[in-house]
Structure formats: structure tokens, C-alpha cells
Amino acid sequence: MVKESIKANNPTLKSWIEISPDSDFPIQNLPFGIYSTLSKSKRVGVAIGTKILDLAVLFDLGYLDSLSFCEYCFSNQFLNRMMGHGKIEIRALRDRISELLVSSNNDLSKNEEHIKLVFDNQSDSNMHLPIQIGDYTDFYSSEQHAFNVGSMFRDPDNALLPNWKHIPVAYHGRSSSIIASGDPIYRPKGQQKLNDEENPIFGPTKLLDFELEMGFITFDGKSLGEHITTEEADNYIFGMCLFNDWSARDIQKWEYVPLGPFLAKNFASSMSCWIVTLDALEPFRTVGPTQDPKVLPYLEYKSDKHIDINLSVSIKLPNGEEKTVCNSNYKHMYWNMNQQLAHHSINGCNINCGDLLASGTISGPEKDSFGSMLEISWRGTKPVCMPDGSERKFINDGDTVIFRGAASNKNYKVGFGELISEVLPTK
Ligand code: CA
């Protein structure tokens with residue numbers, strides 16, 4: 001597919017809607033989500049500045065008649081049906097929305113009655129889980145994160161396991177406990193084994209942690225037995241979100257051998273509500289790390305497939321004070337999405353519309369860019385000082401964890417909004 005055809009990415013475009021220069025949602029972004037208001041049921045919306053464009057009403061009014069979508073693509077509680085149209089038609093939809101919002105176009109901008117019908121304020125709207133997630137896979141693709149964890153739990157001289165630079169390592173997670181930004185999580189209970197005790201104990205986790213990740217959502221893939229190449233992978237990726245792979249470190253430590261994460265992870269994972277299309281992120285492609293040793297041919301890729309997205313994590317206290325504990329970047333990934341998707345399907349595993357593939361914790365090379373409290377506090381040995389004088393080794397009840405992310409250039413920024421999750425006591 002030719003990327004020059006993405007008209008909506010033109011950096012000179014300006015909208016007739018007033019948009020602050022620091023907004024996550026300029027006309028070059030146009031992310032998709034599911035929202036409702038007091039008077040409107042769940043539907044597909046597109047974020048623009050502080051507003052949401054209601055695609056269900058826009059369709060009803062005939063503004064999308066030149067495209068092949070139907071009413072139920074937009075009057076829907078999930079994006080999946082719309083996504084079923086695939087990359088090219090979603091690109092045409094985003095281009096059409098851009099055309100309607102650009103200052104040189106009068107189709108919508110001069111119709112006061114329609115403007116009232118098709119826009120809602122984000123501040124008056126509720127955002128919902130945007131995707132009916134089919135399968136969920138979580139990778140482990142940041143070298144610094146794998147190195148940090150390997151150093152802490154095994155041996156700094158042999159921190160990476162022998163397969164790590166040959167295989168984008170992953171596990172299959174649980175999709176039905178993935179929740180949206182704004183949904184709280186409850187501190188999970190489980191078995192823990194203390195170092196100086198012979199037998200495990202049971203109770204609420206004492207080591208609740210976030211993992212700073214990004215996820216990508218797939219279009220319909222290929223059938224069982226076929227695979228997607230690294231070059232084809234872009235055509236199967238709808239868009240990206242911020243993703244928090246909540247982890248209970250004490251439960252994880254006791255249960256993970258020999259089959260990996262289970263109850264330490266599946267109690268909840270949180271995703272941001274706006275899905276930024278891969279198309280909108282194309283201008284932010286960047287070179288990835290040199291992969292040494294050389295990867296097998298099916299994992300090789302040609303053009304730049306990494307993306308420069310600044311990410312941060314803050315902990316907000318019940319008194320409203322907030323502390324940023326991590327500044328990282330998605331470009332730090334060792335394995336990119338194309339390699340992850342190619343590896344996921346190389347054995348003939350199918351990929352379906354609405355699958356979610358998450359990156360794994362994204363840790364940068366600096367100490368303030370580590371993507372989990374496990375690493376930031378180095379297993380609890382280096383507590384973080386909070387604005388109220390308290391310390392954090394892991395996450396407390398009443399803390400709110402906030403992820404933010406945006407790709408920026410000299411012209412505009414493409415943001416993801418916030419991923420906000422409050423931690424509540426065990427139920
Ligand atoms: Ca993870």
C-alpha cells in the first residue's frame with residue numbers, strides 16, 4: 001500500500017474547529033472510539049480537539065454516502081464491525097472525515113443545525129471499551145526490561161535467556177478481563193511464598209505493579225495454516241492504544257514456573273479508549289535497534305518499522321497530587337509490531353479482527369525510563385518519594401495510575417489521551 005495516499009496526514013491541514021496546539025487530537029490524528037452521552041447510546045466517535053464527532057449521526061445525515069459502510073458500523077457498541085471493512089476502507093473513512101473538518105471545506109462547517117447534531121463535548125461524554133477483543137497476546141519485547149528482570153531474578157551476566165534475541169517471546173493472556181480507562185481495579189488476592197517460609201500464604205497482593213505497554217489491534221488476518229510476513233503486517237494493523245498489564249509480583253514469583261504468568265496477570269489489564277490508527281502514526285516511523293545476532297529470514301524487515309511515541313507514567317495520590325515516575329518511548333522496543341505479527345502467525349496461527357497484541361513493558365535505557373515499579377524501585381530496594389512525603393515501592397490502594405502517550409513533530413502531535421486506573425482495596 002502506498003503511504004502517500006494518506007491524505008489525512010498532510011501537516012498543512014487546519015480545521016475550522018478550534019483546536020489548542022497542545023491537544024492530543026488535531027485534525028491529523030482522528031482516532032476512533034466508542035462513547036455515549038446522557039441522550040445517546042453507545043456509538044462510534046472520532047476525537048477532534050475537545051469534541052467528539054458522532055459517526056452514527058454523520059452517517060444518518062448522508063455525509064458518508066460515498067463510502068461502503070452501513071449504519072450498524074457506527075451505531076454499535078464496538079469498533080469491530082467498522083474495522084471489518086479493512087485497511088483501505090478505514091483509510092478512506094479517515095480521509096473523508098478529515099475532508100469534512102478541514103477549513104477549506106464548507107459541506108459541514110456552514111450547517112449550524114448539523115453541527116449541533118454531530119458534535120459532543122468530550123467532557124459531557126462517557127468513553128467505553130472500544131473493541132470486542134478476541135484473542136489477547138502479550139509480548140516481552142523491550143531488551144532493557146528483559147535485562148532488568150533477568151538481572152534481578154537470575155544473573156546480570158546472563159540476564160537474557162538464550163532464545164530472547166531470536167524469538168519475540170510472548171504469552172497468551174485473558175481478553176475478557178481487559179477493561180477501559182476509567183474502570184477501577186481491585187487489588188487481587190492469591191498465593192504468595194515468602195523467602196523464609198516453607199509454605200505459601202494467601203492474601204491480597206503486597207506487590208501490585210503496572211507495566212507500561214502499548215497494544216495494537218488487528219484487522220481480519222489470514223486463515224489457519226497461512227502466515228503474515230513482516231512486509232504485509234502493516235495492512236493487518238488497525239491502530240494502537242496505551243496498555244497497562246497489571247501485575248501482582250508476589251503471586252507471579254510463586255506461580256510462574258514452569259508455564260509463565262497466570263493469576264498474577266489475568267485479574268485485569270487496562271487499555272486507553274481512543275484507538276489511534278497506524279496510518280496516523282506513519283509520519284513518526286523511526287529506525288529500530290541493530291538486531292545482533294541476525295534474525296531468521298522470516299523476522300527480517302526492510303523499511304523503518306519502529307515508532308517514536310513518548311510515554312509517561314504518573315501516580316496520583318488521593319489528595320490529588322501527582323508524581324511522574326517514568327518517561328519512556330515506544331521506539332525502545334527490540335522487536336517491532338511487524339516482527340511480532342509475523343512471528344505470531346509463522347506457525348499458521350490465525351489472526352482475527354479485534355485481536356489485541358501488546359508490546360510488553362517498555363523500558364528505556366535510563367533509570368527514569370523504566371516501565372514498571374519492579375524496575376523503578378529495583379525490587380523495592382529504591383523507594384520513590386511521593387509529594388506527600390510517603391514512599392512507593394509498588395502501588396497502594398487509593399493510588400491512581402495514569403499513562404500518557406503522544407508522537408510529536410514540529411507541526412503537530414498525535415496523542416492517545418490518558419489511560420487512568422484507580423486501585424481499590426480487595427473485594
Ligand atoms: Ca506484560
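The values are calculated or read from the model by the stated rules, or taken from the named source; none is laboratory data. It should be emphasised that the depicted structure is a prediction, and the values quoted were computed from it without experimental measurement. Here the Cβ is made from the backbone with ideal geometry for all residues, glycine too, and neighbour counts use every protein chain on show. Quick note on the areas: whole protein, heavy atoms, side chains included, nothing else; ligands and nucleic acids left out. Shrake-Rupley method; radii C 1.70, N 1.55, O 1.52, S 1.80 Å.
Among S175, S142, S125, which is in contact with a strand residue (DSSP E or B) (Cβ under 9 Å, 6 or more places away or on another chain), of a type in the set (S, T, N, Q) and closer than 24 Å to W378 by Cα? Steps first, please.
On the way: S175 fails: closer than 24 Å to W378 by Cα; S125 fails: closer than 24 Å to W378 by Cα.
S142 is the lone residue from the list that is in contact with a strand residue (DSSP E or B) (Cβ under 9 Å, 6 or more places away or on another chain), of a type in the set (S, T, N, Q) and closer than 24 Å to W378 by Cα.
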| said: With the requirement that a residue be without any contact (Cβ under 8 Å) to a residue 40 or more places away in the chain and either among the charged types (D, E, K, R) or more than 21 Å from M214 (Cβ to Cβ) (or both), what does the stretch 260-305 give you? | reply: F262, R285, T290, K294, P297, D304
| query | Is there a residue in the stretch 167-181 that is surrounded by 14 or more Cβ atoms within 10 Å (Cβ to Cβ), more than 16 Å from the ligand (Cβ to nearest atom) and under 30 Å from I52 (Cβ atoms)? | reply | yes
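Please work out which residue is least open to solvent (accessible area, probe 1.4 Å), limiting yourself to the stretch 373-409 and to residues that are of a type in the set (D, E) and more than 20 Å from N310 (Cα to Cα). Explain how you work it out, then say what you get.
Kept after step one, since they are of a type in the set (D, E), are these residues of the stretch 373-409: 375, 388, 391, 397, 399.
With more than 20 Å from N310 (Cα to Cα) added as a condition, the list becomes 388, 391, 397, 399.
Details: D388: 81, E391: 108, D397: 68, D399: 1 Å².
Selected residue: D399.
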| note | Requiring at least 3 residues that are open to solvent by 10 Å² or more (accessible area, probe 1.4 Å), the strands (runs of 3 or more DSSP E) wholly within the stretch 299-372 are 310-316, 322-329
| request: Collect the residues in the stretch 195-239 that are away from the ligand (no atom under 16 Å from the Cβ) and among the aliphatic types (A, V, I, L, M), keeping them in residue-number order. | output: I201, I217, L224, I228, A233, I237
| query | Being touching a Ser or Thr at 6+ places or on another chain (Cβ under 7 Å) and of a type in the set (S, T, Y), is that true of even one residue in the stretch 333-349? | reply | yes
| request: Counting only residues that are over 21 Å from I309 (Cα atoms) and in contact (Cβ under 8 Å) with a residue 12 or more places away in the chain, give me the strands (runs of 3 or more DSSP E) lying completely in the stretch 134-251 with at least 3 of them. | output: 170-172, 189-192, 201-204
| When you scan the stretch 204-228, how many residues do you find that are touching an Asp or Glu at 6+ places or on another chain (Cβ under 8 Å), over 21 Å from I90 (Cα atoms) and among the polar types (S, T, N, Q)? | 1
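Here's the yes/no breakdown for (1) within 19 Å of A180 (Cβ to Cβ); (2) open to solvent by less than 30 Å² (accessible area, probe 1.4 Å):
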| position | (1), (2) |
| --- | --- |
| N9 | no, yes |
| L13 | no, no |
| W16 | no, no |
| F25 | yes, yes |
| K42 | yes, no |
| I90 | no, yes |
| S103 | no, no |
| D107 | no, no |
| N111 | no, no |
| task | Kindly indicate whether any position in the stretch 147-166 is within 16 Å of the ligand (Cβ to nearest atom), buried (at least 16 other Cβ atoms within 10 Å of the Cβ) and within 21 Å of the chain's Cα centre (by Cα). | result | no
| message | What pairs come out if I take residues in the stretch 316-327 that are without any contact (Cβ under 8 Å) to a residue 60 or more places away in the chain and pair them with residues that are surrounded by 16 or more Cβ atoms within 10 Å (Cβ to Cβ) whose C-beta lies under 6 Å away, six or more apart or interchain? | response | T324/S312; T324/S314; N327/S312; N327/S369
| said: Pairs please, first residue from the stretch 90-115 and over 14 Å from D54 (Cα atoms), second anywhere and surrounded by 17 or more Cβ atoms within 10 Å (Cβ to Cβ) and modelled with pLDDT under 95, Cβ atoms under 9 Å, 6+ apart in sequence or on different chains. | reply: R91/I6; D95/I6
| said: If P130 satisfies all but one of (1) out of contact with any strand residue (DSSP E or B) (no Cβ under 8 Å at 6 or more places or on another chain); (2) assigned to a loop (DSSP other than H, G, I, E, B); (3) surrounded by 19 or more Cβ atoms within 10 Å (Cβ to Cβ), what's the number of the condition it fails? | reply: (1)
| said: For the structure I just gave you, tell me whether V414 is open to solvent by less than 10 Å² (accessible area, probe 1.4 Å), outside any loop (DSSP other than H, G, I, E, B), outside the structural domain of G33 (by TED's automatic domain parsing) and closer than 18 Å to I179 by Cβ. | reply: no
